[in-house]
């Protein structure tokens, strides 16, 4: 009988960027735990861990993967009583690993039978002082994790008094599963709009509507721009520019397509050195600057590696604290190109999905989170719903 599973496909993934280390730069004797939903069945896992933005090497003391007691495909009573049996994640045959500064490493292939819909935990323990400078913050109904003071990487339950929730994903970059040939990945690339909820809602939509052969891989960092990046600690967590990020973040096993929704921060950030010395007016792009950036940085690379590329229009910004008509003119001109350019394989019109019918410069009623830039949860659901089925089949 032929082997059912035949190829590696990314089943979970995020970007790695510069973390916002406001007070704490280092951690010690720390456990990180991230719950993951298996979108595919498979027989093996492998783990990409990244220290891309670190300036010092990072030592992972221990790493484990274990099926969660909250697995969605087992009866509740059976799940609650199931033994928590962590499997060691090894690197070159060793149970610990060093991630050099500026690099990503890949674990060994870990035998691990998993059924689509099951939940599993990835736990990392750091015994010594560890520079926490590589990761990203994400939100959504499927996103987040926990950290605990002490070594609880093999524990079924983390101690309440030593544990807190976190939306920062440190070091863990991508998880690949050895799965069926028909399965594939769809990459969502962008900034805070994509670092927030809509990719999670797209994953839930796929499960609900029976698109069972696609994983949604998020590559998004809040604050990032296409054309520029900051070189000061105040805005360091806004991350790397598109020219740096895109080639790195498109390293996704089994990927067929990428949706790019990026560029609003290029438009809204500049305020002039008289207001903020790090945000000069010279940073303000024209629509043509953004177009040329997307063409040269994203489209060219996507074609080079054989990915289909879909544009995502920029959302309304009326009422945002730096809003003016010129910024909105640039946004709308850029959006028009995103909608009509033959360079893309298609356009996902997120702007149309969330803007007001009577005043398209604004979010529709109940679609504004309150800051006039980021959507509400309801609007993020609408963004997920407007992704064409053809990308999910």
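The values are calculated or read from the model by the stated rules, or taken from the named source; none is laboratory data. Fair warning: this is a prediction, and the values are worked out from it, not measured in the lab. Here the Cβ positions follow ideal geometry from the backbone for every residue, glycine too, while neighbour counts run over all protein chains shown.
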Could you tell me whether any residue of the range 278-288 is out of contact with any helix residue (DSSP H, G or I) (no Cβ under 7 Å at 6 or more places or on another chain), surrounded by 22 or more Cβ atoms within 10 Å (Cβ to Cβ), in contact (Cβ under 8 Å) with a residue 40 or more places away in the chain and not in a loop (DSSP other than H, G, I, E, B)? no
List the helices (runs of 4 or more DSSP H) that sit entirely inside the range 317-393 and contain at least 2 residues that are touching a residue at least 60 places away in the same chain (Cβ under 8 Å). 325-340, 377-385
Single residue of the range 207-220 satisfying the filter (outside any loop (DSSP other than H, G, I, E, B) and touching a helix residue (DSSP H, G or I) at 6+ places or on another chain (Cβ under 9 Å)) that is surrounded by the fewest Cβ atoms within 10 Å (Cβ to Cβ): 209
Residue 223 being touching a helix residue (DSSP H, G or I) at 6+ places or on another chain (Cβ under 8 Å), modelled with pLDDT of 95 or more and crowded, with 17+ Cβ neighbours inside 10 Å: yes
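Rundown of residues vs (1) closer than 22 Å to residue 217 by Cβ; (2) surrounded by 21 or more Cβ atoms within 10 Å (Cβ to Cβ), yes/no style:
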position	(1), (2)
86	no, no
105	yes, no
121	yes, yes
141	yes, no
Residues in the range 289-309 that are within 16 Å of residue 242 (Cβ to Cβ), outside any helix (DSSP H, G or I) and touching a helix residue (DSSP H, G or I) at 6+ places or on another chain (Cβ under 8 Å): how many? 1
Quick check on the range 173-180. Is at least one of its residues under 30 Å from residue 84 (Cα atoms), in contact (Cβ under 8 Å) with a residue 24 or more places away in the chain and surrounded by fewer than 19 Cβ atoms within 10 Å (Cβ to Cβ)? yes
I want to confirm something. Restricting to the range 239-261 and keeping residues that are more than 14 Å from the chain's Cα centre (by Cα) and either without any contact (Cβ under 8 Å) to a residue 40 or more places away in the chain or assigned to a helix (DSSP H, G or I) (or both), which single residue is surrounded by the most Cβ atoms within 10 Å (Cβ to Cβ)? 242
Would you list the strands (runs of 3 or more DSSP E) that sit entirely within the range 43-141 and hold 3 or more residues that are closer than 23 Å to residue 6 by Cα, modelled with pLDDT of 95 or more and in contact with a strand residue (DSSP E or B) (Cβ under 6 Å, 6 or more places away or on another chain)? 62-67, 110-114
Taking residue 161 as meeting all but one of (1) surrounded by 20 or more Cβ atoms within 10 Å (Cβ to Cβ); (2) not in a strand (DSSP E or B), write down the number of the exception. (1)
